[in-house]
């Protein structure tokens, strides 16, 4: 049985980037596992808010989309902390973390 790209991505066969310092990484990522409690400084996630017509931005400022200003509930801000052990799935193209955070960003296959 052939292994498809989803299975490869799920098990990290396309590789991963271990990030424990501040600064952004860019590429095509399919999942992020939080190793130590982490706050994101940058996270570009194209699918976020698509069902609401959103822009895909996750930032500390609420964007305005199609005349609607998204509230804090619609975005992930720089003060939102993710606990260790959480995995987020999606199509990420830019990731940055605050000091003290540690993540494993899986490359898309």
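The values are calculated or read from the model by the stated rules, or taken from the named source; none is laboratory data. Just so we're clear, the structure is a prediction, and the values are computed from it rather than from any experiment. When we count neighbours, we look across all protein chains shown, and the Cβ atoms used for this are built from the backbone with ideal geometry, even at glycine.
The residue of segment 1-49 that is modelled with the lowest pLDDT, among those that are assigned to a strand (DSSP E or B) and more than 16 Å from residue 90 (Cβ to Cβ), is 23.
For residues in segment 66-88 being at pLDDT below 70 and surrounded by fewer than 10 Cβ atoms within 10 Å (Cβ to Cβ), which is farthest from residue 104 (Cα to Cα)? Show your work before the answer.
Within segment 66-88, the subset at pLDDT below 70 is 66-75.
Checking the rest, the ones that are also surrounded by fewer than 10 Cβ atoms within 10 Å (Cβ to Cβ) come to 66-67, 69, 71, 73.
On the way: 66: 34, 67: 36, 69: 32, 71: 28, 73: 25 Å.
Top of the filtered list is 67.
Kindly provide the set of residues from segment 74-104 that are assigned to a strand (DSSP E or B) and under 11 Å from residue 38 (Cβ atoms), ordered by number.
Within segment 74-104, 81, 82, 88, 95, 96, 97, 102, 103, 104 qualify.
Contact annotation: residue pairs with Cβ atoms under 8 Å, 6 or more positions apart or on different chains, pairing a residue in segment 84-96 that is within 13 Å of residue 31 (Cβ to Cβ) with a partner that is modelled with pLDDT under 90 and exposed (fewer than 13 other Cβ atoms within 10 Å of the Cβ), are 90/47; 91/47.
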